Amino acid sequence: MISRRAAVPGRTRSRLRRGLALGATAVLGAMVIGAGAPSSAAPETFPNLDDDAFALSGSATAPPTQMRQLDFMLGNWKCTVTTQMHGQPPETGTTYVSVRKILGGHWYELRSLQMPTATNPQRLVGRQVYGWDPAAQQFTTYYYDDADGQGAGTAPQVTAGHAVFTGTYLFNGFRHIGRDDLYSPAPGKLYNDISVALESAPEELFPAGTSRCNRL
């Protein structure tokens, strides 16, 4: 069989390559320089993305009405967090939490700062978002922090002032099942009863700590 390359004489191939190169150069030149005089238009400015300006000015769709069930979490909070693991004495620390609406109310964002303690001298900065999954008809949450902690959970049923999120989380290289039982026992208070379980036995949850927050 005669190859396609061998079927074209060498001199013809050379002219063809040179023509294609000149053609490509001409096209690129037209794209860069343009057919007319240089444009006097002002340079494009990058849009303000810091505060979700476009979503706040009018999203294409209204936020899900279900998101209002999480309004009890909104605001700035100072939390006393007590943790207790098997065979270890309880430890108490302070965490500052701020929860706000983002993207026009389609998501709620939680920002947290865990202050150092005697046994854990490193502060921890975390982020968490909460949203509504219309396909599954449940709330969803995603967590991440500056110590490579991460995870995701869901809350199939939420009532005003009470939400239970269960998911899989990774902390200190260890993956486990975590449950956050969030509720407001009184105005200006936000509580969380925390339970965990081994990934191999997700139904065997045991209490691991509490968070007691007061609104600032």
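The values are calculated or read from the model by the stated rules, or taken from the named source; none is laboratory data. As the structure is a computational prediction, the values presented were derived from the model and not from experiment. Positions of Cβ are backbone-derived with ideal geometry, glycine not excepted, and every protein chain shown enters the neighbour counts. Please note that ligands, DNA and RNA were not included when accessible areas were found on the heavy atoms of the full protein model with its side chains. Shrake-Rupley method; radii C 1.70, N 1.55, O 1.52, S 1.80 Å.
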Query - Subset of segment 107-138 [open to solvent by 40 Å² or more (accessible area, probe 1.4 Å), in a strand (DSSP E or B), of a type in the set (A, V, I, L, M, F, W, C) and under 23 Å from Q157 (Cα atoms)] - result: W107, W132
Query raised in the report: Which of (1) open to solvent by less than 50 Å² (accessible area, probe 1.4 Å); (2) of a type outside the set (V, I, T); (3) closer than 22 Å to S98 by Cβ does Q150 not meet, given it meets every other one?
Result: (1)
Report summary line: The one condition A160 fails out of (1) over 20 Å from L110 (Cα atoms); (2) in contact (Cβ under 8 Å) with a residue 12 or more places away in the chain; (3) not acidic (D, E) is (1)
Report task. Starting from residues that are modelled with pLDDT of 70 or more and farther than 17 Å from H162 by Cα, keep the ones in segment 50-76 and report whichever is surrounded by the most Cβ atoms within 10 Å (Cβ to Cβ). Result -> P63
Report task. Of the conditions (1) of a type in the set (G, A, S); (2) surrounded by fewer than 18 Cβ atoms within 10 Å (Cβ to Cβ); (3) closer than 21 Å to Q88 by Cα; (4) in contact (Cβ under 8 Å) with a residue 40 or more places away in the chain, G173 clears all except one; give me its number. Result -> (4)
Query raised in the report: Just a yes or no: is a residue in segment 124-141 of a type in the set (S, T, Y) and more than 14 Å from the chain's Cα centre (by Cα)?
Result: no
Query raised in the report: Out of (1) more than 20 Å from R111 (Cβ to Cβ); (2) in a strand (DSSP E or B), the odd one out for T141 is which?
Result: (1)
Query raised in the report: Is there a residue in segment 116-125 that is of a type in the set (S, T, N, Q) and over 20 Å from C79 (Cβ atoms)?
Result: no
**Report entry** T210 vs. criteria over 15 Å from the mean Cα position of the chain (by Cα), closer than 18 Å to W77 by Cβ and modelled with pLDDT of 95 or more
**Finding:** yes
Query - Check on T166, more than 18 Å from Q114 (Cβ to Cβ), touching a Phe, Trp or Tyr at 6+ places or on another chain (Cβ under 8 Å) and not acidic (D, E) - result: no
Query raised in the report: Which of the residues belonging to segment 153-167 are at pLDDT 95 or above, of a type outside the set (A, V, I, L, M, F, W, C) and surrounded by 15 or more Cβ atoms within 10 Å (Cβ to Cβ)?
Result: G153, H162, T166, G167
